[in-house]
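Peer 1: Encoded as structure tokens, here's the structure I'll be asking about.
The values are calculated or read from the model by the stated rules, or taken from the named source; none is laboratory data. A quick note: this is a predicted structure, and the numbers were derived from the prediction, not measured. Virtual Cβ from ideal backbone geometry, glycine too; neighbours counted across all protein chains shown. Note: areas computed on protein heavy atoms with side chains; ligands, DNA, RNA excluded. Shrake-Rupley method; radii C 1.70, N 1.55, O 1.52, S 1.80 Å.
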Amino acid sequence: MKGQSTREYIIEKAAALFNTHGYNGCSLNDIMDATGLKKGGIYNHFKNKDAIALEAFEYSFKKIFEKFRNKLDNSKGAKEKLFSIIDTYMELFHDPIMEGGCPIFNTAVDANNTHPELRKKAQQAINSLKKYIEIKINQGMSSKEFKPNCNPDEISSMFIINMEGAIIYSLVNDDVKYLSQTSKRIKEYILNDMLISN
């Protein structure tokens, strides 16, 4: 744990456990085993498992958002930025930020009927990503790169639903082609239905 606080260490280890096993499938004993800490050592930093789960999700989402932002920082123009979002989804599939797949989707499904506060965190996260895509679409319309009749709300929803669905389908079938096909189709939609021809 050199150079890293005990609290951060617990969050990092717990994030991977929650993402792989789910909230109900991850016990305090699992966290103790992963961190090598006693119960008292963990409770010195967190009130209970709920508190760990909420901060672990924040940690996971921050890592995902940083991945998108770093990719987009090197992109120019609205079309290229949207392409970068799609490419980041592909990168996360091949090289996930942590074991278990997408923490946002996993948490949303896992906590849907069992943990309202955690579900709300997942809802806020997915809506933040959606808003991020909407902003890029609006920027493209303002700069006259995209057609003025684009619907940012509808398109951003389509992006997330299709990409997340394709990731799940590819994982279930152990075949990335479904994600690749979906990525290609969305890029074609951007080029053919959104982009103003020069």
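Peer 1: So if I take the centroid of the Cα atoms in the stretch 166-188 and the same for the stretch 30-55, what is the distance between those two points in Å?
Peer 2: The stretch 166-188 and the stretch 30-55 have Cα centres separated by 37 Å.
Peer 1: Oh, and also: May I ask for the equivalent-ellipsoid semi-axes of the stretch 27-66, computed as the square root of five times each C-alpha gyration tensor eigenvalue and listed largest first in whole Å? Don't skip to the end; give the middle numbers.
Peer 2: Details: eigenvalues 90, 24, 13 Å².
In descending order, the three semi-axes are 21, 11, 8 Å.
Peer 1: Turning to a different aspect of this structure: How much length, in nm to one decimal, is gained on full extension between D30 and Y189, taken as 0.36 nm per residue of separation minus their Cα-Cα distance? Show your work: numbers first, answer last.
Peer 2: On the way: separation 159, 0.36 × 159 = 57.24 nm, distance 4.49 nm.
This chain segment gains 52.7 nm when fully extended.
Peer 1: Taking every pair of distinct Cα atoms and averaging 1/r, then inverting, what Kirkwood hydrodynamic radius in Å comes out for the chain? Intermediate values should be presented prior to the final figure.
Peer 2: Details: mean 1/r = 0.0550 Å⁻¹.
So the Kirkwood estimate lands at 18.2 Å.
Peer 1: Mind ranking 20-30, 66-76, 80-90 by how tightly packed they are, going by the mean number of other C-beta atoms within 10 angstrom, highest first? Don't jump to the answer; show the numbers that get you there.
Peer 2: Numbers: 20-30: 14.8, 66-76: 13.3, 80-90: 19.5.
Ranking, from highest mean packing down: 80-90, 20-30, 66-76.
Peer 1: Of the heavy-atom accessible surface of the stretch 113-198 (probe 1.4 angstrom), what whole percent is carbon and sulfur?
Peer 2: Values: 2500 of 5130 Å².
Heavy-atom surface of the stretch 113-198 belonging to carbon and sulfur, 1.4 Å probe: 49 percent.
Peer 1: Oh, and also: If you take the beta carbon distance between D153 and E117 as r and set R0 to 22 Å, what does 1/(1 + (r/R0)^6) give as a FRET efficiency, to the nearest 0.05? Walk me through the numbers before you get to the answer.
Peer 2: Working: r = 26 Å, r/R0 = 1.20.
The calculated FRET efficiency here is 0.25.
Peer 1: Suppose all protein chains stay in the model; what accessible area per residue would a 1.4 Å probe give for the chain, in Å²? Display every interim value, and only then the final one.
Peer 2: Values: 10920 Å² over 198 residues.
About 55 Å² of surface per residue is accessible.
Peer 1: Oh, and also: How many percent of all Cα-Cα pairs in the stretch 92-184 sit more than 20 Å apart?
Peer 2: Values: 2060 of 4278 pairs.
Beyond 20 Å sits 48 percent of the P(r) for the stretch 92-184.
Peer 1: In a Debye calculation with equal point scatterers on the alpha-carbon sites of the stretch 1-74 and no solvent, what is log10 I(q)/I(0) at q = 0.11, 0.15, 0.19 Å⁻¹?
Peer 2: Each listed q maps to, in turn, -0.29, -0.51, -0.75.
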